[in-house]
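Everything below concerns the one structure shown next.
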Amino acid sequence: MLTQQRGLEIKTASVSRLLKDLEVCKHEIETEQKRLETMTAGGSDEYEIRQQNRVLADAKQMLPEYQKRLAETVADLDKFTELCSQGDENPKSASEKISGEAIEAAKAASKRAHETLA
């Protein structure tokens, strides 16, 4: 069974990874939108413009999925962090003790995620 420390680290890393994925998705949408605008302004072939529209639509379709996954993961992290913080008040064995650094890292990741989702 995973220790609480390791579980908290994994959940924090998951939130950080999803934040990066969301940033990449947003960047991809911007890039594909600029490419479409360039193609349209440059008088590219109609077929190529349609294909670029499809690429852009696919990129936009992924954004809500990333946001949903991030919201679910950060809610899980918040709940777990709260439980871990409460656990600090109750003495536990040394193997179950969670470092303050891990809790602070989790809270920072949660804060960034909440700001991104706002």
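Nothing in this text is a laboratory measurement; each read-out follows from the coordinates by a stated rule. In this text, all values refer to a predicted model and were calculated from it rather than measured experimentally. Virtual Cβ from ideal backbone geometry, glycine too; neighbours counted across all protein chains shown.
Here is the link list: 20/107; 20/60; 60/107; 26/97; 11/34; 68/97. Which ones come out longer than 27 Å on Cα distance?
Pairs exceeding the cut-off: 60/107; 26/97; 11/34; 68/97.
Which entry in (i) 1.52; (ii) 3.84; (iii) 1.19 matches Cα Rg over 2.2 N^0.38 Å derived from the coordinates of this structure?
Here the calculated entry is (i).
What does the helix-only formula give at 222 nm for the chain: each DSSP H stretch with n ≥ 4 adding -39500 (n - 2.57), the total divided by the residues, and the result rounded to the nearest 500 deg cm²/dmol?
-31000 deg cm²/dmol
Suppose each label sits 7 Å from its Cα in the direction of the beta carbon; what would the residue 61-residue 23 distance come out to in nanometres?
Result: 2.7 nm between the two label points.
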